[in-house]
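**Student:** Handing you this structure, nothing more for now.
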Amino acid sequence: MTASATAPLPPHAAMAQAADWYALLRSGEASATDHARWREWLHAADTHQQAWRYVERIGQRLAPIQDGPERQAATTALRTLHEPPPRRRRQALLALAGLAGASLAWSAWRHTSLPQVVAGWTADHHADRGEVRHVLLPDGGDVWLSALSAVDVLYSAGERRLRLRTGEILVQTHADPAGRPFLVETAHGTLRALGTRYLVRQAAQDTLAAVYEGAVEITPASGGRSTLLSAGQERRFTRDTVSDVSHADPARAAWRQGVLIANGMPLGEVVAALQPYQWGHISLAPDIAGLPVFGSYPVTDPSRTLAMLASVMPIQVRQPMAWWTSVDARP
C-alpha cells in the first residue's frame with residue numbers, strides 16, 4: 001500500500017518513528033510534554049514530515065473502518081460482490097458509494113490500494129485481501145486467484161478467454177470438445193495454452209508466466225513474434241518484449257495451498273508476498289531486505305510468518321498499531 005503509484009516511500013526509520021508517535025498520540029495517554037517532543041521531532045527533518053503524513057493517511061483510511069461501524073457495512077458490501085450476477089455487484093458498489101458519502105474515513109481509505117481492489121469488485125471473480133479463491137470454469141477447468149487478484153471469464157463460441165485484471169492466477173486447463181483455444185489476456189499480451197498448468201502474475205511493468213505442465217505461447221500486446229514456453233520454464237514479457245527463459249520453480253505457486261516456500265528468497269520479496277494478505281502496512285528496513293529466507297511459512301497468516309522469521313533471523317517485528325507493522329534489524 002503506497003501513498004501514490006509513483007512517489008517513493010519515506011525512509012523506513014522515519015516511518016517507524018512516525019508510527020510510534022502516531023500510536024502514542026492516538027492512545028489518549030500522551031502528555032503535554034509528549035506533544036511538545038512530537039512537534040520537535042516533526043519539524044526536525046523534511047523526511048519526518050513526509051513519514052508523518054504517510055502514516056497519518058493510512059491511519060485515517062484504515063483505523064476508523066477497522067474499528068468503527070462502517071466496517072460492518074463495508075464487509076457486507078464486499079461479501080455481496082462475490083456473487084456473480086452483475087446486478088448484485090452494482091448493488092454492492094452502490095452500497096460502498098453510500099459509505100463514501102457518509103464517512104470521511106471511507107472517502108480517504110478508497111485512495112489507498114483500492115484501484116487494485118475496485119478492479120476486483122467489477123470483475124467476474126476476485127479474491128479479497130488475505131484470501132485464496134478457487135473458480136471452476138465453464139469447461140471444467142480450474143483457476144485459483146491469489147489475494148487481491150481479479151479475473152473476467154469471457155467464453156464464446158470461438159474461444160475461451162480469461163482477462164487478468166490484476167494480481168496472480170494459477171490455471172489448470174481442461175480439454176474442450178469444440179477445440180476452442182484457451183487464452184489468458186493481461187495488460188502486456190496474451191498467453192495461449194497448449195494443454196497445460198501454468199501461473200500468470202501481472203505487475204505494473206510486466207507479466208510473469210511460469211509453466212508447470214504442457215506449454216504456453218506468449219504474444220506481446222504490440223503484436224510481436226510469439227514465443228513458446230515449455231514445462232519447467234518461465235519468462236517475463238512487456239507489451240513489446242519477451243525476456244530470456246528461466247527455470248520455473250513450482251514453489252512459486254505454493255500460495256494455492258496457503259504456503260510461502262522460500263529457498264534463499266530475499267526478505268524483501270517475502271514481505272512483498274505477505275502484503276496482499278495483511279490488513280494494513282508492513283514497513284521493512286532496507287538494510288535487511290536482502291537477508292535470505294529459507295523454509296515454509298503460512299502466507300495467509302502474515303503475523304505468524306513474521307513471528308516465525310523473527311525467531312530464526314536477526315530481525316525484530318513491532319506492531320505499534322493493528323494496521324502498522326515494522327520489521328527492523330535486531331539490536
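The values are calculated or read from the model by the stated rules, or taken from the named source; none is laboratory data. All figures in this text were calculated on a predicted structure; none of them were measured in a lab. When we count neighbours, we look across all protein chains shown, and the Cβ atoms used for this are built from the backbone with ideal geometry, even at glycine.
**Student:** At least 2 residues that are within 22 Å of residue 173 (Cα to Cα) in each: list the strands (runs of 3 or more DSSP E) lying fully within region 199-304 that qualify.
**Tutor:** Values: elements: 207-213, 215-220, 227-230, 233-237, 259-266, 281-284, 292-298.
Of the strands (runs of 3 or more DSSP E) lying wholly inside region 199-304, those with at least 2 residues that are within 22 Å of residue 173 (Cα to Cα) span 207-213, 215-220, 227-230, 233-237.
**Student:** Of the conditions (1) part of a loop (DSSP other than H, G, I, E, B); (2) under 20 Å from the mean Cα position of the chain (by Cα); (3) closer than 30 Å to residue 21 by Cβ, residue 331 satisfies every one except a single condition; which number is it?
**Tutor:** With (1) part of a loop (DSSP other than H, G, I, E, B); (2) under 20 Å from the mean Cα position of the chain (by Cα); (3) closer than 30 Å to residue 21 by Cβ applied to residue 331, the lone miss is (2).
**Student:** Further question: Can you tell me which residues in region 290-331 are loosely packed, with under 13 Cβ neighbours inside 10 Å and among the β-branched types (Val, Ile, Thr)?
**Tutor:** Result: 312, single match.
**Student:** I need every pair where a residue in region 224-242 that is closer than 13 Å to residue 187 by Cα has its Cβ under 7 Å from the Cβ of a residue that is part of a loop (DSSP other than H, G, I, E, B) and hydrophobic (A, V, I, L, M, F, W, C), sequence separation at least 6 or different chains.
**Tutor:** 239/221
**Student:** Hey, another quick one. Could you tell me which of the residues 96, 154, 81 is over 22 Å from residue 254 (Cβ atoms), at pLDDT 95 or above and either touching a helix residue (DSSP H, G or I) at 6+ places or on another chain (Cβ under 7 Å) or surrounded by fewer than 16 Cβ atoms within 10 Å (Cβ to Cβ) (or both)?
**Tutor:** On the way: 96 fails: at pLDDT 95 or above; 81 fails: at pLDDT 95 or above.
From the options 96, 154, 81, the qualifying one is 154.
**Student:** Sort through 60, 66, 50 and tell me the only one that's modelled with pLDDT of 85 or more and either more than 24 Å from the chain's Cα centre (by Cα) or in a helix (DSSP H, G or I) (or both). It would help to see each step written out before you state the result.
**Tutor:** On the way: 60 fails: modelled with pLDDT of 85 or more; 66 fails: modelled with pLDDT of 85 or more.
Of the residues listed, the single one that is modelled with pLDDT of 85 or more and either more than 24 Å from the chain's Cα centre (by Cα) or in a helix (DSSP H, G or I) (or both) is 50.
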